[in-house]
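Single-structure report; data block below.
The values are calculated or read from the model by the stated rules, or taken from the named source; none is laboratory data. In this text, all values refer to a predicted model and were calculated from it rather than measured experimentally. Because the Cβ atoms are built from the backbone with ideal geometry, glycine has one as well, and the counts that use them run over all protein chains shown. These accessible areas exclude ligands, DNA and RNA; they are computed on the full protein's heavy atoms, side chains included. Shrake-Rupley method; radii C 1.70, N 1.55, O 1.52, S 1.80 Å.
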Amino acid sequence: MKSPLLSLPGAVPAEGVDEGVAAHYGDLFREQRALADGTGFVDLSHRGVVAVTGEDRLSWLHLLLTQHVSDLPAGQATEALILSANGHVEHALYLVDDGSTTWAHVEPGTQEALIAYLESMKFFYRVEVTDRTGEFAVVHLPAGSIAAAPEGAVVRETSYGRDLFLPRVDLEAFDGAGPAVGLLAYEALRVEQHRPRLGFETDHRTIPHELGWIGSAVHLQKGCYRGQETVARVQNLGKPPRRLVFLHLDGSEVHLPPHGAELRLADDGPEGRKIGFVTTSVRHHELGPIALGLVKRNVPLDARLVADTTAAAQEVVVEP
């Protein structure tokens, strides 16, 4: 869906999976500073919205998700994953229950596959799963924002801000106590906060341990979900094959290394073996060019890296 906020002055459309909302409104660093200061709002109306109703909804979701949600209090935000039988990440859900409905926003375009899986697992449980993307839009308010949630909006409050499930008809007139902020600014703060994103930090073989999702999205004291055996085995008997790193990139380079750019050891030279790849790279208003990347677990913590041709210094996100 194309957001009506793309008609705002200076709006430049995002591309790829984020098509439909603004990448920025003409001043990337000003927009980042606004978010960091707790002002403005981010249009995330391209994200999928899924609602689960019915008296069995939480106990049923508890059986399918990596997170403990059977007793999820109304209004408490959480996040959860759906894994394959081999423990690979397939879906990431950002959840809140309002007392009668469990709401989740998910990556753009993934809601149909998610709903198909959930429908296949209903059996005799008293639940209904609905795609509400056409009726509700996600809007993000940063931590510290004084903006009030409009009547009719469901609020998901986290340490880094509030996600509003806003009736889509109210999106164009929404007042977020500050300017509209583009997705590039939101992504820059996400990278700074080391928060992984499905489809960016993940590939077809990602397991939760690699990205630091243990605890935040995976509860280790529950069972009965697909892929649990892999999670338990890695937690108790081994280490993940890869780990998420935070990268400080050489600021003299004009271009950022794109998603998928090869990471190599700087000491091995330009023909050195690949030891990982860049997942997300951004320009930060204070830190300069930064990125997240996935590297092999045994890469030394003090090793100097190269992303394509750009020098990169790593910080640990997930311990080896």
- prompt: Membrane-span-like helices in the chain: DSSP H runs reaching 18 Å or more (Cα, own axis), mean Kyte hydropathy at least 0.5?
  reply: none
- line: Dividing the alpha-carbon radius of gyration of the chain by 2.2 N^0.38 Å, where N counts its residues, gives 1.01
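Rolling a 1.4 angstrom probe over the protein heavy atoms, how many square angstrom per residue are accessible across the chain? It would help to have the intermediate numbers written out before the result.
Details: 13990 Å² over 320 residues.
Roughly 44 Å² per residue, with all protein chains present.
How large is the translational diffusion coefficient of the stretch 162-320 in µm² per second when you combine the Kirkwood radius over alpha carbon pairs with Stokes-Einstein at 25 °C and 0.890 mPa s?
141 µm²/s
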message: Could you compute the net charge surrounding residue 65? Neighbours are other residues with a C-beta less than 12 Å from the C-beta of residue 65; K and R count +1, D and E count -1.
response: +1
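When Lys and Arg each count +1 and Asp and Glu each count -1, what net charge do the other residues less than 15 Å away from residue 103, Cβ to Cβ, add up to? All intermediate terms of the calculation are to be shown ahead of the outcome.
Values: positive: 47, 57, 132, 156, 162, 168; negative: 79, 97, 98, 128, 131, 135, 157, 163.
Here the charged neighbours net out to -2.
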message: Could you compute how much accessible surface residue 7 exposes when probed at 1.4 Å, giving the result in Å² to the nearest 10?
response: 90 Å²
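Which shape class, rounded, prolate or oblate, goes with the stretch 147-219 when its Cα gyration tensor gives a ≥ b ≥ c as root eigenvalues, a/c under 1.5 marks rounded, and past that a/b bigger than b/c marks prolate? If you can, show how the numbers build up before the last one.
Numbers: a/c = 2.41, a/b = 1.96, b/c = 1.23.
Since a/c reaches 1.5 and a/b is larger than b/c, the shape of the stretch 147-219 is classed as prolate.
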- prompt: Could you state the number of Å between the C-alpha centres of the stretch 162-195 and the stretch 26-49?
  reply: 5 Å
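In Å, the Kirkwood hydrodynamic radius of the stretch 36-192 over pairs of distinct alpha carbons?
Working: mean 1/r = 0.0620 Å⁻¹.
Final number for the Kirkwood radius of the stretch 36-192 is 16.1 Å.
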statement: Correct response: the longest run of the chain lacking exposed trypsin sites (Lys or Arg not before Pro), defined by DSSP loop and at most 13 other Cβ within 10 Å, is 3-125
statement: Residues meeting the amide H criterion for residue 279 (H placed from the backbone, H to H distance under 5 Å, 5 or more places apart or on another chain) are 260, 292, 293, 294
- prompt: What are the residues whose amide H is under 5 Å from the amide H of residue 284, where those residues sit 5 or more places off or on another chain and H is modelled from the backbone?
  reply: 290
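Restricting to DSSP H runs of at least four residues, report the calculated mean residue ellipticity at 222 nm for the chain, -39500 (n - 2.57) per run over all residues, nearest 500 deg cm²/dmol.
Details: 5 runs with 47 residues, N = 320.
Theoretical 222 nm ellipticity from helices: -4000 deg cm²/dmol.
Any idea what the relative contact order of the chain is, in percent, if you count C-alpha pairs under 8 Å spaced at least 6 apart? Don't skip to the answer; put the middle values down first.
Values: 723 pairs, mean separation 59.4, N = 320.
Here the relative contact order equals 19 percent.
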statement: One can check that the equivalent ellipsoid of the stretch 240-285, built from the alpha-carbon gyration tensor with semi-axes equal to the square roots of five times its eigenvalues, has lengths in Å, largest first, of 19, 15, 9
- request: Eight or more residues apart or on different chains, and alpha-carbon atoms under 25 Å: count the Lys pairs in the chain matching that.
  value: 5
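What's the local net charge at residue 286, with K and R +1, D and E -1, over the other residues with C-beta under 11 Å away?
Neighbour charge sum, excluding residue 286 itself: +1.
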